[in-house]
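**Student:** Okay, here's the structure, questions in a sec.
The values are calculated or read from the model by the stated rules, or taken from the named source; none is laboratory data. Everything numeric in this text was worked out from a predicted model, so none of it was measured. Note that we place each Cβ from the backbone using ideal geometry, even for glycine, and neighbour counts take in every protein chain shown.
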Amino acid sequence: MTGRMARFSLFLAALAAALAAQGETTARAEEPWGLGAYLADGCAPCHGARDDGIPVIAGWPEDKIRARLAEYRSGERTHDIMANVARSLSETEAAAVAQHLSRLAPARAEP
């Protein structure tokens, strides 16, 4: 298994646990760091500060992140991993992730 696939497997396991425990997710959404931070934690292994062809998304505009997730969800953009991630998020969860990521300081200049 490649490093990228191993990271993604860990991300999916974390995301599945988060989504399966809706009560816990709702409770965490009320904590100071919020639902977006809770769900976006799984984005960093692939979309962190490395420069390996995967975009670093911290600090991207919220509407751009939401648009990308919607494009993967609809099939307009194709990538198996991102399509599965986007489809696993509700509209509310996708909005929370986009809002959280947009508020982070960019790790490097946006491409």
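**Student:** What is the residue count in segment 40-86 for residues that are among the β-branched types (Val, Ile, Thr) and either outside any loop (DSSP other than H, G, I, E, B) or touching a Pro at 6+ places or on another chain (Cβ under 6 Å) (or both)? Walk me through how you get there before you give the answer.
**Tutor:** Pass one, segment 40-86, residues among the β-branched types (Val, Ile, Thr): 54, 56-57, 65, 78, 81, 85.
From the residues that got through so far, the ones that are either outside any loop (DSSP other than H, G, I, E, B) or touching a Pro at 6+ places or on another chain (Cβ under 6 Å) (or both) too are 65, 81, 85.
Here the count works out to 3.
**Student:** Please tell me if residue 24 is modelled with pLDDT under 90 and exposed (fewer than 11 other Cβ atoms within 10 Å of the Cβ). Spell out the reasoning first.
**Tutor:** On the way: modelled with pLDDT under 90: yes; exposed (fewer than 11 other Cβ atoms within 10 Å of the Cβ): no.
No.
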